[in-house]
Amino acid sequence: MTDKIIALVDGSIYSASVCEHAAWLAARAEAPVELLHVLGRRESAENSDLSGSIRLGARTALLEELATLDEQRAKLVAHRGRAILEDARAIVERAGVSEITTRLRHGDIVETVAEVEADAAMILIGKRGEAADFAKGHLGSNLERIVRASHKPVVVAARAFRPIEKVLVAYDGGVSAMKAVDQIARNPVFAGLSVHVVTVGTATPEVKKGLEDARALLEAAGITAEIGVVSGQPDAALGKLVEEADFDMLVMGAYGHSRIRSLIIGSTTTAMIRSCKVPVVLMR
């Protein structure tokens, strides 16, 4: 695989984990890593109206001062962004990756990801952003936007990295789910890992056949897979299984209308990814 691993770093407490996950993926896929930090547009001229209704001379002086402050502020923000990228590079290098590039961009993060994802194998993002310590009940504001817009698998990094050996695949038998299994079969990241394919629901003949088809596809690629059916609501059942069976990663299809796939973009997904303490891979 020659496509790169793109890791979005923002200086939050999740950034180190994003870098460590990126290094792990890069090592398994023999792929380069690109570290990307985006300076958003929201930090525009907040003080543009401070001159208000004051005399022209004073107003002109104030506008000049504000322009100088804005310029200084822009330089500081860019300097901080470069520092974040330097720290991220150091983490990835320590993990043994040698082929690393950094990119500092201005603009909207979703538009930026759309521009750079063409030659990406996977995109990594932290579960929460810079306000993580203050918003533990919420996912990062850009997470859902990126998942909706990206055409590549998105890896949502957990707060802490741990070696990944055991992978749970949420499978519903639909076309998108089979496509996700096919991507797993083709992706060297999953080679040699313990893969379990699970459907939430009832073990009907159709469900069993779908699981057998998934296992056959994986085994044809040299991946030994176990299959199973669990009952309950997908978010609760999968979350419980991840914790009790000590899985290291959860893989799910990103879109669809089934009970599992509809989790990914919807009210229950937020609860699912929020509560899951392992990285979640959202396959397109």
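Values quoted throughout were computed directly from the atomic coordinates according to the rules given, and no laboratory measurement underlies them. The structure displayed is predicted, hence computed values, not measured ones. Neighbour counts are summed over all protein chains in view; Cβ atoms, including those assigned to glycine, are modelled from backbone coordinates with ideal geometry.
Taking 0.36 nm per residue of sequence separation and subtracting the Cα-Cα distance, how much length would be gained by fully extending the chain between D87 and R103, in nm to one decimal? Intermediate values should be presented prior to the final figure.
Working: separation 16, 0.36 × 16 = 5.76 nm, distance 1.31 nm.
Going from the current span to full extension adds 4.5 nm.
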**Prompt:** Nearest 20 debye, what's the magnitude of the dipole of the range 78-128 about its Cα centre given +1 on Lys and Arg Cβ and -1 on Asp and Glu Cβ?
**Reply:** 320
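What ranking do 230-236, 67-73 get when scored by the average of other Cβ atoms within 10 Å per residue, highest first?
Working: 230-236: 15.4, 67-73: 11.9.
Most protected by this proxy first, the peptides run 230-236, 67-73.
For the pair V116 and T224, what calculated FRET efficiency results from E = 1/(1 + (r/R0)^6), where r is the Cβ-Cβ distance and R0 = 41 Å, to the nearest 0.05? Can you show the working numbers first?
Numbers: r = 35 Å, r/R0 = 0.85.
Computed FRET efficiency for T224 and V116: 0.70.
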**Prompt:** So what J values fall out for the range 212-224 if you push phi through Karplus, 6.51 cos²θ - 1.76 cosθ + 1.60 with θ = phi - 60°, rounded to Hz, Gly and Pro as x?
**Reply:** 5, 4, 5, 5, 4, 5, 5, 5, 5, 8, x, 9, 6
**Request:** Run the quick spin-label model on L76 and R284: label points 7 Å from Cα toward the beta carbon, then report their separation in nm to one decimal.
**Result:** 3.7
**Request:** Under 20 Å Cα to Cα from K75, which aspartates and glutamates show up? Leave out anything in the same chain fewer than 8 places away.
**Result:** D10, E43, E46, E64, E65, E86, D87, D108, E130
**Request:** Note down the nm distance, to one decimal, between modelled labels 7 Å out along Cα→Cβ at T204 and at K277.
**Result:** 3.6
**Prompt:** Among the lysines, which fall within straight-line cross-link reach of K127, defined as a Cα-Cα distance under 18 Å, with same-chain neighbours fewer than 8 residues apart omitted?
**Reply:** K136, K152, K277
